[in-house]
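Here, each number is a calculation from the coordinates, and none is a lab measurement. Values in this document were obtained by computation on a predicted structure and should not be read as measured data. Virtual Cβ from ideal backbone geometry, glycine too; neighbours counted across all protein chains shown.
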Amino acid sequence: MLKAMVFDLDGTLTVLTLPLEEMRKDTKEYYHARGLPPGVFDQSDGISSSTMKAKSYFLSHGMTISDWERMEAEVDLMLSEYEGSVAGEARVIEGALETVRKVRERGLKTAILTNNGRFAVDIMLKVIPLEDLFDIIQTRNESPTPKPYPDGLRTIVRSLRVRSSQVVYVGDASIDGAAASRAGIEFWGVTTGETDRKTLISAGAKVVVSSLDGILPIVDSRLSKRRG
């Protein structure tokens, strides 16, 4: 019984403009510069998984939690500078907000879960009218652990007062699928961001669409089954 839909932001609702590869590279280099040995990271590690591996290493090698939190805050500031530099130029993917509006007209709750920081998202909210379309807009700063970890989705599920089985998460990246899987939430992929159809299916997507409005017939099918 579908009751809520949660959406990623960059690449799903807005045009992907972040220099993600550079951000991932700088995050890894930051930790290496502070003593993390080579070989801890895999090539596939993104920002969140790199940070969790660095945390595990440093805390298991004598670093205090307060020192780690200071280091993590420095990384967050570095990422926020990248995000803030492009946030004011954010553009909605054509038809994306109209699709969300139609989802809400069908009686579903809606939310955003993004790994962007609050600083950048607040800038984006000044140029894109998102707040009236979403019950919750949650950034990495409000998520206990960012995607690909499930904490953010679990927090949203509790806040919306629904069950995981009643929620679909829509995103454009493998980490979206990983977070959804770990949270016990169905994942739908959209190829408007950084990831192709095949990769999204490999990441667990039950549905893959080429534009966000492609979800509407599937939503209608799910809702008709509920009424039946």
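Note on the chain: dipole from Cβ charges, positive end direction compared against VAL157, ALA96, PRO19; the farthest Cα belongs to VAL157. The helix-only estimate of mean residue ellipticity at 222 nm for the chain, built from DSSP H runs of length n ≥ 4 each weighted as -39500 (n - 2.57), is -15000 deg cm²/dmol after division by the residue total. Assuming a ≥ b ≥ c are the square roots of the Cα gyration tensor eigenvalues, decide whether the range 141-228 counts as rounded (a/c under 1.5), prolate (otherwise, with a/b larger than b/c) or oblate. Note, shape of the range 141-228 comes out oblate.
Once the GluC sites (Glu not before Pro) in DSSP loops with at most 14 neighbouring Cβ atoms within 10 Å are cut out of the chain, the longest remaining piece is 95-228.
Note on the chain: antiparallel DSSP beta bridges, both residues inside, total approximately 5 percent of the bridges counted. Cα gyration tensor of the range 20-87, axes a ≥ b ≥ c as square roots of the eigenvalues: rounded (a/c below 1.5), prolate (a/b > b/c) or oblate? The shape class here is oblate.
Bridgeable lysines around LYS206 (alpha carbons under 30 Å apart, same-chain partners fewer than 8 residues away excluded): LYS3, LYS53, LYS102, LYS109, LYS147, LYS198, LYS225.
Please give the charge dipole size of the range 69-109, origin at the Cα centre, charges +1 on K and R Cβ atoms and -1 on D and E Cβ atoms. Round to the nearest 20 debye. Let's see the in-between values first.
On the way: 7 positive and 10 negative charges, 120 e Å.
About 580 debye.
To the nearest 20 debye, what charge dipole does the range 53-143 have about its Cα centre, counting +1 at the Cβ of each Lys and Arg and -1 at the Cβ of each Asp and Glu?
Dipole size: approximately 380 debye.
Among LEU125, LEU18, LEU133, which one moves the most in a GNM of the chain with springs linking Cα atoms closer than 10 Å? Greatest mean-square fluctuation among the candidates belongs to LEU125.
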